[in-house]
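Colleague: Okay, handing you the structure first.
The values are calculated or read from the model by the stated rules, or taken from the named source; none is laboratory data. Quick caveat: nothing in here was measured; it's all calculated off a predicted structure. Ideal geometry is used to build each Cβ from the backbone, glycine not excepted, and the neighbour counts take in all protein chains shown.
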């Protein structure tokens, strides 16, 4: 019987330094899913990793995900004694509810943010390419995606939706006021940086520079926002002209040090610099935040804004939770039906196996000259006893344990017309 689980860490229970220890880069996801699938207990697996969480969704042969937990610690070289206090594990319907809430933006730092759904679809595609998805997880993710669409269509949770990137720019406006005269340096070219570039372009910034390991990808993004692109290793040379630095590059860092900023801020320059390190793992040296005239923020520093955002969206969130509960119920009905179908297939297969064994034995005895009438009686008697042996053992065991539910169930199976 399948056992559906999610286990992971998120911003509710763990601070950024711990979350970045357990982060997976997009390039790591297919390999990680492949390793999970090679565990004997794992039927299906998907790995989801963002700035706010790292989660493993799995369909297991066993009711406990201990092997997956051990794998997660070993993959990141983290002792279980350190991992366990931060780890949450959910099973069955709780897993379904959790994924639907995540997809709908109800479990994000910024309640109702839309970026998480795209990230979840990326994780789904990575798991699919790696062969990690089967009928159960495949159906679960598709249902989560359609639930998120329904939530956004029927509640106000998506109105004026906000992301971590948008929250960072709110903080930047508190530093500079209007942003038109500012120049921005963006490190990376993933979803968070694409959102940041779009928002900054809408603010008509004086200059936007994209620094990325892949220069072609940086240029594609730069052309869309009217900016320019440089290789990531040249980012330090762009600091002197930057008023805003936003980083969310893949692979962690530090990409820029406090010494890089100190050189850029030296001399006659005495204007503020806004720095948002939105990468997990972090891209920038935390010591940058101790430099004069630097306003330094990480994803966890934005939680105050997220709390105010939460207060404005509670009514929409309550309506969204009602939709999710209905969809969880629908999924569990489907799951129970699919399990019943699987049990019926197994029962029929067992019946065919017993029939084949008894028939082969009877045919051999018939060839040896046994009486057909006697053989027919013995064969049908043997087939009946073999088929009823398993249920009889379980019924006696249930009776000894006082399990009246099993007795009632077997009575119903024996007489389908019984109420």
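Colleague: Of the residues 36, 99, only one is more than 29 Å from residue 151 (Cα to Cα), touching a helix residue (DSSP H, G or I) at 6+ places or on another chain (Cβ under 8 Å) and in a helix (DSSP H, G or I); which? Before the answer, list the steps.
Modeller: Details: 99 fails: more than 29 Å from residue 151 (Cα to Cα).
Of 36, 99, the one residue that is more than 29 Å from residue 151 (Cα to Cα), touching a helix residue (DSSP H, G or I) at 6+ places or on another chain (Cβ under 8 Å) and in a helix (DSSP H, G or I) is 36.
Colleague: Scanning for something assigned by TED's automatic domain parsing to the domain that holds residue 24 and touching a strand residue (DSSP E or B) at 6+ places or on another chain (Cβ under 7 Å), does region 104-122 turn up at least one residue?
Modeller: Step one: filter region 104-122 for residues assigned by TED's automatic domain parsing to the domain that holds residue 24, giving 104-122.
If we keep only those that are touching a strand residue (DSSP E or B) at 6+ places or on another chain (Cβ under 7 Å) too, we end up with 120.
Yes, region 104-122 has at least one match.
Colleague: Among the residues of region 176-201, how many are over 31 Å from the mean Cα position of the chain (by Cα) and surrounded by 20 or more Cβ atoms within 10 Å (Cβ to Cβ)? Even if it seems obvious, please write down each step before you answer.
Modeller: Initial filter on region 176-201 (over 31 Å from the mean Cα position of the chain (by Cα)): 176-184.
Those left that are additionally surrounded by 20 or more Cβ atoms within 10 Å (Cβ to Cβ): 179, 182, 184.
Residues that pass the stated criteria total 3.
Colleague: Can you tell me which residue among 85, 63 is loosely packed, with under 15 Cβ neighbours inside 10 Å and within 16 Å of residue 136 (Cα to Cα)?
Modeller: Numbers: 85 fails: within 16 Å of residue 136 (Cα to Cα).
So the residue among 85, 63 that is loosely packed, with under 15 Cβ neighbours inside 10 Å and within 16 Å of residue 136 (Cα to Cα) is 63.
Colleague: State whether the residues of region 126-137 include one that is under 14 Å from residue 50 (Cβ atoms) and in contact with a helix residue (DSSP H, G or I) (Cβ under 8 Å, 6 or more places away or on another chain). Walk me through how you get there before you give the answer.
Modeller: So in region 126-137, the residues under 14 Å from residue 50 (Cβ atoms) come out as 126.
Filter once more, keeping what is in contact with a helix residue (DSSP H, G or I) (Cβ under 8 Å, 6 or more places away or on another chain): 126.
Scanning region 126-137 turns up at least one residue that is under 14 Å from residue 50 (Cβ atoms) and in contact with a helix residue (DSSP H, G or I) (Cβ under 8 Å, 6 or more places away or on another chain).
Colleague: On to the next question. For region 103-123, give me each residue that is in a helix (DSSP H, G or I) and either under 15 Å from residue 150 (Cβ atoms) or touching a residue at least 60 places away in the same chain (Cβ under 8 Å) (or both).
Modeller: Here is the first cut: in region 103-123, the ones in a helix (DSSP H, G or I) are 103, 115-123.
Passing the criteria: 103, 115, 116, 117, 118, 119, 120, 122, 123.
Colleague: Looking at residue 172 and the list (1) at pLDDT 90 or above; (2) on the phi > 0 side of the Ramachandran plot, which single condition is not satisfied?
Modeller: Status for residue 172: all satisfied but (2).
Colleague: Additional query: Could you tell me which residue of region 151-161 is nearest to residue 195 (Cα to Cα), considering only residues that are out of contact with any helix residue (DSSP H, G or I) (no Cβ under 6 Å at 6 or more places or on another chain) and touching a residue at least 12 places away in the same chain (Cβ under 8 Å)? Walk me through it before giving the result.
Modeller: We begin by selecting, within region 151-161, every residue out of contact with any helix residue (DSSP H, G or I) (no Cβ under 6 Å at 6 or more places or on another chain); these are 152-154, 159-161.
Add one more test, that the residue is touching a residue at least 12 places away in the same chain (Cβ under 8 Å), and what stays is 152, 154, 159, 161.
Numbers: 152: 19, 154: 25, 159: 17, 161: 12 Å.
So the residue we want is 161.
Colleague: Do we find a residue being within 15 Å of the chain's Cα centre (by Cα) and without any contact (Cβ under 8 Å) to a residue 40 or more places away in the chain anywhere in region 15-36?
Modeller: Initial filter on region 15-36 (within 15 Å of the chain's Cα centre (by Cα)): 19, 22-26, 28-30, 32-33, 36.
Then drop every residue that is not without any contact (Cβ under 8 Å) to a residue 40 or more places away in the chain, which leaves 24, 28.
Checking region 15-36: at least one residue is within 15 Å of the chain's Cα centre (by Cα) and without any contact (Cβ under 8 Å) to a residue 40 or more places away in the chain.
Colleague: Step by step: first the residues of region 166-175, then only those that are touching a residue at least 24 places away in the same chain (Cβ under 8 Å) and either over 21 Å from residue 119 (Cα atoms) or over 35 Å from the mean Cα position of the chain (by Cα) (or both), then the one that is surrounded by the most Cβ atoms within 10 Å (Cβ to Cβ). Which residue is that? Can you show your working first?
Modeller: First, pick out the residues of region 166-175 that are touching a residue at least 24 places away in the same chain (Cβ under 8 Å): 166-172, 175.
From what's left, either over 21 Å from residue 119 (Cα atoms) or over 35 Å from the mean Cα position of the chain (by Cα) (or both): 170-172, 175.
Values: 170: 13, 171: 16, 172: 26, 175: 14.
So the residue we want is 172.
Colleague: Based on what the data block shows, is residue 48 part of a strand (DSSP E or B), surrounded by 20 or more Cβ atoms within 10 Å (Cβ to Cβ) and not assigned by TED's automatic domain parsing to the domain that holds residue 299? Outline the logic, then answer.
Modeller: Numbers: part of a strand (DSSP E or B): yes; surrounded by 20 or more Cβ atoms within 10 Å (Cβ to Cβ): yes; not assigned by TED's automatic domain parsing to the domain that holds residue 299: yes.
In short, yes.
Colleague: Further question: So which residues in region 365-399 are in contact with a helix residue (DSSP H, G or I) (Cβ under 7 Å, 6 or more places away or on another chain) and closer than 14 Å to residue 353 by Cα, if there are any at all?
Modeller: 382, 383, 386, 387
Yes/no matrix, rows are residues, columns are (1) more than 18 Å from residue 122 (Cβ to Cβ); (2) over 32 Å from the mean Cα position of the chain (by Cα); (3) assigned by TED's automatic domain parsing to the domain that holds residue 94; (4) crowded, with 24+ Cβ neighbours inside 10 Å:
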position	(1), (2), (3), (4)
145	no, no, yes, no
203	yes, yes, no, no
217	no, no, no, no
220	no, no, no, no
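Colleague: Name the residues in region 65-93 that are out of contact with any strand residue (DSSP E or B) (no Cβ under 8 Å at 6 or more places or on another chain) and farther than 23 Å from residue 25 by Cα, would you?
Modeller: Matches in region 65-93: 66, 81, 85, 93.
Colleague: Could you count how many residues in region 124-134 are part of a helix (DSSP H, G or I) and either in contact (Cβ under 8 Å) with a residue 40 or more places away in the chain or within 14 Å of residue 164 (Cα to Cα) (or both)? So that I can check it myself, show each step before the final result.
Modeller: First, the residues of region 124-134 that are part of a helix (DSSP H, G or I): 124-129.
Subsequent filtering for residues that are either in contact (Cβ under 8 Å) with a residue 40 or more places away in the chain or within 14 Å of residue 164 (Cα to Cα) (or both) retains 124, 126-127, 129.
Residues meeting the conditions: 4.
Colleague: Would you please name the residue that is farthest from residue 49 (Cα to Cα), looking only at residues in region 227-259 that are touching a helix residue (DSSP H, G or I) at 6+ places or on another chain (Cβ under 6 Å) and without any contact (Cβ under 8 Å) to a residue 40 or more places away in the chain?
Modeller: Ranking the qualifying residues of region 227-259, first place goes to 240.
Colleague: Please state which one of 395, 375, 409 is closer than 30 Å to residue 136 by Cα and either at pLDDT below 75 or surrounded by 10 or more Cβ atoms within 10 Å (Cβ to Cβ) (or both). Give the steps one after another, and end with the answer.
Modeller: Details: 395 fails: closer than 30 Å to residue 136 by Cα; 375 fails: closer than 30 Å to residue 136 by Cα.
Being closer than 30 Å to residue 136 by Cα and either at pLDDT below 75 or surrounded by 10 or more Cβ atoms within 10 Å (Cβ to Cβ) (or both) holds for just one of 395, 375, 409, which is 409.
Colleague: Examine region 109-132 for a residue that is buried (at least 18 other Cβ atoms within 10 Å of the Cβ) and on the phi > 0 side of the Ramachandran plot, and state whether such a residue exists.
Modeller: Yes: region 109-132 contains one or more residues that are buried (at least 18 other Cβ atoms within 10 Å of the Cβ) and on the phi > 0 side of the Ramachandran plot.
Colleague: Are any of the residues in region 231-242 within 20 Å of residue 171 (Cβ to Cβ) and modelled with pLDDT of 90 or more?
Modeller: Step one: list which residues in region 231-242 are within 20 Å of residue 171 (Cβ to Cβ), which gives 239, 242.
Retained after the next criterion (residues that are modelled with pLDDT of 90 or more): 239, 242.
Yes, region 231-242 has at least one match.
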